[in-house]
Amino acid sequence: MKNRNKTTKFPVARIKKIMQKDEEVGKVAQATPVVISKALELFLAYIVNKTHDVTSERGSRKVEAYHLKHAVETNEMLDFLKELVEGVPDPSQGGTIDLEAEAESKRKR
């Protein structure tokens with residue numbers, strides 16, 4: 001996937017602050033937060049691409065949370081995220097989504 005927006009980066013200064021909050025972390029080399037920022041970009045792009053694949057497989061035009069759940073569950077590399085997505089209902093597996101509540105909230109907007 002090509003990066004269309006070359007300025008898209010996670011904030012390096014914030015990454016450095018988060019790293020330094022850990023007492024076990026001493027000084028942080030200047031390149032380290034930059035590398036972590038790039039790794040986060042690539043990871044996010046990977047997850048988004050896998051979720052897009054699931055969305056298009058299901059013939060949907062809108063990405064839903066259960067598409068992300070399915071992408072995590074079917075991709076071995078994303079196994080560490082399974083605990084985070086297990087509570088997301090999946091209509092294709094008998095889970096329910098309250099469509100009336102969603103329609104009601106859209107009307108209120």
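Among residues of the range 32-61 that are more than 19 Å from residue 76 (Cβ to Cβ), those with a beta-carbon under 7 Å from a residue that is open to solvent by 70 Å² or more (accessible area, probe 1.4 Å) and part of a helix (DSSP H, G or I) at least six positions away or on a different chain give the pairs 33/16.
The listed residues are 17, 69, 50, 38, and the only one of them that is part of a helix (DSSP H, G or I), in contact with a helix residue (DSSP H, G or I) (Cβ under 6 Å, 6 or more places away or on another chain), open to solvent by 60 Å² or more (accessible area, probe 1.4 Å) and modelled with pLDDT of 90 or more turns out to be 50.
The values are calculated or read from the model by the stated rules, or taken from the named source; none is laboratory data. These figures come from a predicted structure and were not determined experimentally. Glycine also receives a Cβ, built like all others from the backbone with ideal geometry; neighbour counts cover every protein chain displayed. Each accessible area value is taken on the protein alone, full model and side chains, heavy atoms only, with ligands, DNA and RNA left out. Shrake-Rupley method; radii C 1.70, N 1.55, O 1.52, S 1.80 Å.
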